[in-house]
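Below is one structure, written out as structure tokens, with a few remarks after it.
The values are calculated or read from the model by the stated rules, or taken from the named source; none is laboratory data. Keep in mind it's a predicted model, so treat the numbers as computed, not measured. Don't worry about glycine lacking a Cβ; one is built from the backbone with ideal geometry, like all the others, and counts go over all protein chains shown. Accessible surface is based on the protein model in full, side chains and every heavy atom, while ligands, DNA and RNA are left aside. Shrake-Rupley method; radii C 1.70, N 1.55, O 1.52, S 1.80 Å.
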Amino acid sequence: MSKVKFENGNEWIRSDFHLHTNADKEFKYNGEVNSYINDYVSQLKSSGIQLGVITNHNKFAKEEFNKLRKKARRENIGLLPGVELSVNDGANGVHLLVIFSDEWLADGQDHINSFLSVTFAGKVPEQYEQENGRSNDNILKTLKKLESYNRKFCVIFAHVEAPSGLWNEVAGGRMKELAKNPLIQKYCKGFQKVRTINKPDKVNREKVKSWWGDSYPAEIEGSDPKQISEIGRGNHCFLNIGDFSFDAVSYALSDFNYRVAKEIPKIKHSNISAVRFEGGLLDQVRIPFSPSLNCLIGIRGSGKSSILESIRYALDLPMGDNPQDKKYKNSLLPHILKSGGKITIEAVDRHGKNYEISKILGSSADVYQEGKHISNSEIISTVIVNPLYFGQKDLASAGSSFGHDLVEKIVKDDLVGVRNNISEKATRVAACIESLESIENEVELLESAKSELVTVQFKLEQLDNHDIKEKLAKQVDFDNDVQFFTNTESNIKESVDSLFTSKNELIAVIENIQEYKSNSNDDKIQMFINKVSELKVSTMELNDAFEIIKKKLSEITGEKDNLVDEKNSLKEEFAEIERTLVKSLEDKDIYSVKPNEYLELSTKKTELETSIKTLTEQTEKLAERRESLLTAITELRNAWREEFVIIRAALEKINDAQESLFIEAGFRGDKDFISKNLEDKLKGNNIRKDSYDLIAKSYDDFGEIYKDIDVAKNNAKSKSEDFKSAFLENIRNLLVCQIPNTYKVIFRGKPLRAHSLGQRASAMMLFILSQNDNDLLLIDQPEDDLDNQTIYDDVVKLIRKMKPNQQFIFATHNANFPVLGDADQLVSCELSEDKIDVHIGSIDNKVSQQKIVKVMEGGAEAFTRRKSIYHIWEADIS
């Protein structure tokens, strides 16, 4: 089934403004008479012509035209009535292509031939229905006569550089006069077949542009065929239209900077081509979208926001950090879709591949590519690249605290890599802090152990005065030796266990390697797998060595156990020595000295000496670990700066894209953040707020404070040591805390904070429109808090420039967006009996235009009344 023409709104179609037919005396057709209409339309189709104007020389054959148009419409080709008029101007006459609206043929009338009989009055058709026939009137008189019929028309100057072309026949002075004439400015829509750009010896494009200025019209093409095979010859031109009507074509020619092209612009951005609904108020409704500007219109409560919200929900786009209508949005979807309701997004990625994203209310999304289910739902972000969504009042809300949230929305995908790097660097800082703190704790333990050892040694010296050392020497030796054996065995056993675990983990990793195939590198993969297998064999061959290790460890344990057993066997001997020693001391009236205390002190001395040795070795790395922390802090700061550089580059693109808004970013510029965080983290120390403010003023982040802590603490004056202690206690949180960037915004020459809420919202709108990395922009009522002047002067004009490279879907009440923004697709919504009815068509569609007038202008009467009032005001305004 062929696609409905203009289903997705405006399309770029090849247009031929200079067609001749068999009714023209210059045209030759040698085929079967009954085949002529089919042959002609077939040639149009095969040439890719989808819009044509029949412009026979000084002649209009109504019956033939109607047959051609009827046949062409079946092939989705539009034809407009016209004539190539030879006007009585210049040295040899000037050929003028006149395009007529259907009003000239309404109700069975033929006002085209009526006009021809007037402009060729006194001549019979045989005299003027040919290429060289000339009318009675010059260009301006011809336009006046056409205008007198009060029916729409426009004109194009044919083959302007050739004989009977305007540029060839009319001198420069007269050309300038024509350009200034109101009739020319109103009705002249194009120059056909412009070829000479800038040749000094000829009338050329640059010269005519200098004469005509803003009146210079569109440059268009026409094949000017003299037989069917010549249809479509020559250069091409394309119009962007949404209907085959005269009005659509006339407007496209008037808006030629955006609507006329020599080749079809390529769609390089991903986009939503349609959304379908099953169940609820939109059951069985399918809404096609243009890849450019789409406007959803309707009165309040008509369902336009529901469609936008459904798209947001299906694409799993966040509402934002502080949505103004979250409660409303959460209740909207269940009301619209009902239980079991389903939304399906038809989408096209940047490579032209088609996808469907389906989501049942309350469930996760399912993604299909060409009908095949894709299990990875994260692919949604690669189908529609960097979509942005703003709900009602979101722009104004963002405007009150400009910068951070909006930058996050727009640049966040570009920051994924650097944010991961920041996370890694922050983890590194935390690890360095932990490592440093462990050594700093060990320094305290070392000092404590040294102090305790001095005390133990003193007590032992005192006990030695009673000859205890000599009498208990054997027992002390056994205690020390058992402790040495035990510690050594424990350390060796721990390392052996780790070695065994690593071996087993390596074997497990190798055994869990899954089968892998490659179309391009199968031989290399097999060689790689062979090497992995050899590693496994080598690892397994270590089993004999590991058995020897186990055996040796068992022998070590045995030697330790033997010593313990020998010590235990001497218990009675040692006890007898202690009893004898006690009795000897008592005989000397010494009761305060206990032999077992000497043993305990001896053991303690050995333990302390071992601990001091270990702690001394560890604390020797204190300076090294402090340096590691300082390096990690620098690396984290560099990662923060890398993030800032990306943000600044994005803002520069925004600044360059328009003139109303300028944004200057400041790296780590939020000084209040530093002060408030210090006050929060260090509370309870009675440090004054102005001390925190002084520190924040002097340092850009907490890492700088840490590096300069002995100077920074002086800002706290009498509480300097308290500040230092409290700061160091909180460095785990402080050193990884990123200081927010600041954004200085100038809007229309003044700081943003000096503008009203509505003007801030305008700045937000310009901000999001001024970058081109977001393929889709969804906004619910972008006009909220925007004044009409800003909408037109800044926003709409920018949208017109951007829409070929970005998809916009707006739900709006403001006619400026669809009308002055030149909407490529318009969706008019109306709620009736628990059902949302929609009408879909481009801005060129007559019904769409009527919907705009009714819904957005208050109806035809109000629109006409305002138009008449504006006309009265026009003289005063100008």
Quiz item: In the set 339, 310, 364, 290, which member is part of a loop (DSSP other than H, G, I, E, B) and open to solvent by less than 10 Å² (accessible area, probe 1.4 Å)?
Solution: 290
Quiz item: Within the stretch 499-532, can you find the residues that are part of a loop (DSSP other than H, G, I, E, B) and open to solvent by 100 Å² or more (accessible area, probe 1.4 Å)?
Solution: 512, 514, 515, 516, 517, 519
Quiz item: Taking the stretch 112-170 on its own, how many of its residues are free of Cβ contacts under 8 Å to residues at least 40 places away in the same chain, farther than 19 Å from residue 187 by Cβ and touching a helix residue (DSSP H, G or I) at 6+ places or on another chain (Cβ under 8 Å)?
Solution: 1
Practice problem: Collect the residues in the stretch 109-163 that are open to solvent by 70 Å² or more (accessible area, probe 1.4 Å) and either in contact with a Cys (Cβ under 6 Å, 6 or more places away or on another chain) or within 19 Å of residue 245 (Cα to Cα) (or both), keeping them in residue-number order. | Solution: 109, 150, 151, 152
Quiz item: On the given criteria, is residue 54 touching an Asp or Glu at 6+ places or on another chain (Cβ under 9 Å) and assigned to a strand (DSSP E or B)?
Solution: yes
Quiz item: Since residue 659 meets every condition but one in (1) in contact (Cβ under 8 Å) with a residue 60 or more places away in the chain; (2) not in a helix (DSSP H, G or I), which condition does it not meet?
Solution: (1)
Exercise. Would you please list the contacts, defined by Cβ atoms under 6 Å and residues six or more apart or on different chains, that run from a residue in the stretch 482-501 that is touching a residue at least 60 places away in the same chain (Cβ under 8 Å) and closer than 15 Å to residue 549 by Cα to a residue that is open to solvent by 50 Å² or more (accessible area, probe 1.4 Å) and assigned to a helix (DSSP H, G or I)?
Key: 489/556
Practice problem: Out of 180, 193, 189, 202, report the one residue that is of a type outside the set (A, V, I, L, M), exposed (fewer than 14 other Cβ atoms within 10 Å of the Cβ) and within 19 Å of residue 95 (Cβ to Cβ). | Solution: 202
Quiz item: Scanning the stretch 373-406 for residues that are modelled with pLDDT under 70 and not in a helix (DSSP H, G or I), which turns out least open to solvent (accessible area, probe 1.4 Å)?
Solution: 403
Quiz prompt | Cross-chain or 6+ apart pairs with Cβ under 7 Å, the stretch 367-388 first and closer than 17 Å to residue 313 by Cα, then open to solvent by 80 Å² or more (accessible area, probe 1.4 Å) and not β-branched (Val, Ile, Thr) | solution = 377/364; 380/316; 385/350
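Yes/no per residue for (1) without any contact (Cβ under 8 Å) to a residue 60 or more places away in the chain; (2) of a type in the set (Ser, Thr, Tyr):
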| position | (1), (2) |
| --- | --- |
| 720 | yes, yes |
| 727 | yes, no |
| 740 | no, no |
| 744 | no, no |
| 760 | no, no |
| 763 | no, no |
| 777 | no, no |
Exercise. Report, by residue number, each residue of the stretch 839-860 that is under 35 Å from the mean Cα position of the chain (by Cα) and outside any helix (DSSP H, G or I).
Key: 839, 840, 841, 842, 843, 844, 845, 857
Quiz item: So which pairs qualify, if the first residue must be in the stretch 607-629 and under 23 Å from residue 488 (Cα atoms), the second must be of a type in the set (Asp, Glu) and at pLDDT below 75, the Cβ gap must be under 8 Å, and the two must be at least 6 apart or on different chains?
Solution: 608/452; 615/442; 618/442; 619/442
Quiz item: If we scan the stretch 733-754, do we find a residue that is more than 30 Å from residue 794 (Cβ to Cβ) and of a type in the set (S, T, N, Q)?
Solution: yes
Quiz prompt | In the stretch 322-343, residue modelled with the highest pLDDT [restricted to those that are within 19 Å of residue 304 (Cβ to Cβ) and among the polar types (S, T, N, Q)] | solution = 331
Self-check item: Yes/no for residue 250 being touching a residue at least 60 places away in the same chain (Cβ under 8 Å), touching a Cys at 6+ places or on another chain (Cβ under 8 Å) and not in a strand (DSSP E or B)
Solution: yes
Quiz item: List pairs: first in the stretch 345-359 and surrounded by 18 or more Cβ atoms within 10 Å (Cβ to Cβ), second assigned to a loop (DSSP other than H, G, I, E, B) and of a type in the set (D, E, K, R), Cβ under 7 Å, 6+ apart or cross-chain?
Solution: 355/349
Quiz item: Just checking, how many residues over the stretch 293-302 are buried (at least 23 other Cβ atoms within 10 Å of the Cβ) and assigned to a loop (DSSP other than H, G, I, E, B)?
Solution: 1
